[in-house]
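The values are calculated or read from the model by the stated rules, or taken from the named source; none is laboratory data. Here the structure is a predicted model, which is why all the values come from computation and not from measurement. Quick reminder, even Gly has a Cβ in these numbers, built from the backbone with ideal geometry, and neighbours come from all protein chains shown. Note: accessible area is taken over every heavy atom of the protein model, side chains too, but ligands, DNA and RNA are not part of it. Shrake-Rupley method; radii C 1.70, N 1.55, O 1.52, S 1.80 Å.
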Amino acid sequence: TAGSPAVTTNPATLVENTTVKLNGLVNAYSSSTTVTFEYGLTTGYGTTVTASQSPLSGFQETAVSAEVTGLISGETYHFRVVASNAYGTANGDDMAVTTSIKDKDGNNYSKVVIGTQVWMKENLKTTKFKDGSVIPNVTSDSEWGSINTSGFCWYDNDQAANKNKYG
């Protein structure tokens, strides 16, 4: 018998700096059903994206998803699946996902909020500027006194032992 859809919001996957894949399950109960995801920085959501599998029908649970781009790096987004057909609308439970903070070398960073300020939980480990150009690796005291650009070094000039520990 046809009826209102049943939905489940599943965890997001493929989480990157500015993109995520939102996931859910929908049973359309044999009625043509439109499937969307609501998302935003609060549980008020504010933005909607159509699932790749929309519309759908049938009596089985169907996996649905939507890729979202243009997000803010390091932010937590709320999302849920929403399904509507002629018999009603069903909203999935709210879930949250935090986009990653990643540098040009591919290092991921966590953040912490202290009062109204946002800080990285660890030191920067990158060897490249935002534009992808190489930051000079300075290996001696005399070099530090003579360069006119930015630079970096590893503690004791030992990348293998100290990059992950100290950045």
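What to note about this one:
- Residue in segment 107-125 that is among the small types (Gly, Ala, Ser), out of contact with any helix residue (DSSP H, G or I) (no Cβ under 7 Å at 6 or more places or on another chain), without any contact (Cβ under 8 Å) to a residue 12 or more places away in the chain and over 24 Å from Tyr166 (Cβ atoms) present: yes
- Entry remark, segment 12-46: residues being of a type in the set (Val, Ile, Thr) and farther than 20 Å from Tyr109 by Cα number 7 in total.
- Within segment 55-97, the set of residues being among the hydrophobic types (A, V, I, L, M, F, W, C), surrounded by 14 or more Cβ atoms within 10 Å (Cβ to Cβ) and farther than 15 Å from Ala6 by Cβ comprises Ala66, Val68, Leu71, Phe79, Met95, Val97.
- Subset of segment 40-54 [touching a residue at least 12 places away in the same chain (Cβ under 8 Å), part of a loop (DSSP other than H, G, I, E, B) and open to solvent by 50 Å² or more (accessible area, probe 1.4 Å)]: Leu41, Thr42, Thr43, Ser52, Gln53
- Options Gly70, Gly74, Gly58: the member that is over 23 Å from Ile101 (Cα atoms), in contact (Cβ under 8 Å) with a residue 12 or more places away in the chain and assigned to a loop (DSSP other than H, G, I, E, B): Gly58
- Of all residues in segment 85-113 being under 20 Å from the mean Cα position of the chain (by Cα) and among the hydrophobic types (A, V, I, L, M, F, W, C), the one that is nearest to Ser54 (Cα to Cα): Met95
- Hits in segment 142-163 (condition: under 13 Å from Leu124 (Cβ atoms) and exposed (fewer than 12 other Cβ atoms within 10 Å of the Cβ)): Ser150
- Matching residues, segment 1-28, being crowded, with 20+ Cβ neighbours inside 10 Å and at pLDDT below 95: none
- Condition check for Thr34: open to solvent by 20 Å² or more (accessible area, probe 1.4 Å), more than 27 Å from Ile72 (Cβ to Cβ), out of contact with any Cys (no Cβ under 6 Å at 6 or more places or on another chain) and at pLDDT 95 or above: yes
- Annotation note: of Val97, Val81, Val112, Val138, the sole residue that is hydrophobic (A, V, I, L, M, F, W, C), over 30 Å from Phe59 (Cα atoms) and modelled with pLDDT of 90 or more is Val138.
- Filtered residues of segment 114-167 (kept if among the aromatic types (Phe, Trp, Tyr) and either within 20 Å of Ser73 (Cα to Cα) or under 23 Å from the mean Cα position of the chain (by Cα) (or both)): Trp119, Phe129
- Hey, Lys125 of a type in the set (Lys, Arg), surrounded by 15 or more Cβ atoms within 10 Å (Cβ to Cβ) and in a loop (DSSP other than H, G, I, E, B) or not: yes
- Count of segment 128-141 residues which are surrounded by fewer than 12 Cβ atoms within 10 Å (Cβ to Cβ) and not in a loop (DSSP other than H, G, I, E, B): 2
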